[in-house]
Amino acid sequence: MGTIETMKIDCEKIELEVGTLCFYDDIAIGELNEGITVTSDCMNLLLRTTLDHFKGRPFVYISNRINSYSVDPLNYTLLNNISNLRAMAVVSYNSINTSNAKIEKIFFNKDFEIFDSVKTAMVWSKKVLF
């Protein structure tokens with residue numbers, strides 16, 4: 001399982017009360033805390049932080065699901081309106097997270113893929129962006 005700490009590429013890391021965001025040139029990787037519920041308030045905090053970082057530049061968000069938490073799939077309606085968010089990836093390490101991500105994908109109207117490693121998600125992200 002690849003966490004932000006074990007990845008070899010330097011990033012700009014921001015610790016939030018709900019988890020950690022790691023920013024690269026055009027990719028954001030989020031690792032949210034164990035047991036949280038991603039409510040609209042949580043989603044808005046993540047969005048504000050991410051949009052402030054990218055300042056209108058196109059990006060891909062990767063959710064590195066190293067912890068177990070719940071996501072209200074209706075929150076994806078917020079993401080559909082973010083013009084510079086080009087795609088989203090979920091890195092899943094178990095069948096439950098994969099099943100949940102498949103449900104979330106229904107609510108997201110842009111590219112959305114599920115991977116088993118951060119590295120493959122990052123490679124895919126570059127292809128989506130360019």
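No value in this document is a laboratory result; all are computed from the given coordinates. The structure presented is a predicted model; accordingly, all values stated were derived computationally and were not measured. Cβ placement follows ideal geometry from the backbone for every residue including glycine, while neighbour counts extend to all protein chains displayed.
No disulfide-compatible partner, judged by a Cβ distance under 4.7 Å, exists for the following cysteines of the chain: 42. Checking (1) 0.91; (2) 1.11; (3) 0.94 against the coordinates, the calculated Rg/Rh (Cα atoms, Kirkwood Rh) falls under label (1). For residue 90, the residues whose amide H sits under 5 Å from its own are 63, 113, 114, 115, ignoring neighbours fewer than 5 places away on the same chain, with H placed 1.01 Å from N. Given their separation in residues at 0.36 nm each and the Cα-Cα distance between them, residue 127 and residue 96 gain 8.4 nm when the chain is fully extended. Gain in length, residue 67 to residue 13, computed as 0.36 nm per residue apart minus the alpha-carbon separation, to one decimal in nm? Roughly 17.7 nm would be gained on extension.
Size of the dipole of the chain about the Cα centre, Lys and Arg at +1 and Asp and Glu at -1 on the beta carbon, nothing else charged, in debye to 20? With Lys and Arg at +1 and Asp and Glu at -1, about 500 debye.
Length available on full extension from residue 109 to residue 25: 0.36 nm per residue minus the Cα-Cα distance, which gives 27.9 nm.
May I ask for the net charge around residue 22, where only other residues with Cβ less than 9 Å from the Cβ of residue 22 are counted and Lys, Arg are +1 while Asp, Glu are -1? Don't skip to the answer; put the middle values down first.
Numbers: positive: 13; negative: 12, 31.
Charge balance near residue 22 sits at -1.
Between residue 117 and residue 57, the FRET efficiency estimated from the beta carbon spacing at R0 = 25 angstrom works out to 0.50.
Please give the calculated 222 nm ellipticity per residue for the chain, where each DSSP H segment of at least 4 residues contributes -39500 (n - 2.57) and the sum is spread over every residue; nearest 500 deg cm²/dmol? All intermediate terms of the calculation are to be shown ahead of the outcome.
Numbers: 4 runs with 43 residues, N = 130.
Dividing the helical sum by the residues of the chain leaves -10000 deg cm²/dmol.
As a calculated quantity, the FRET efficiency between residue 82 and residue 37 at R0 = 30 Å, using C-beta atoms, amounts to about 0.90.
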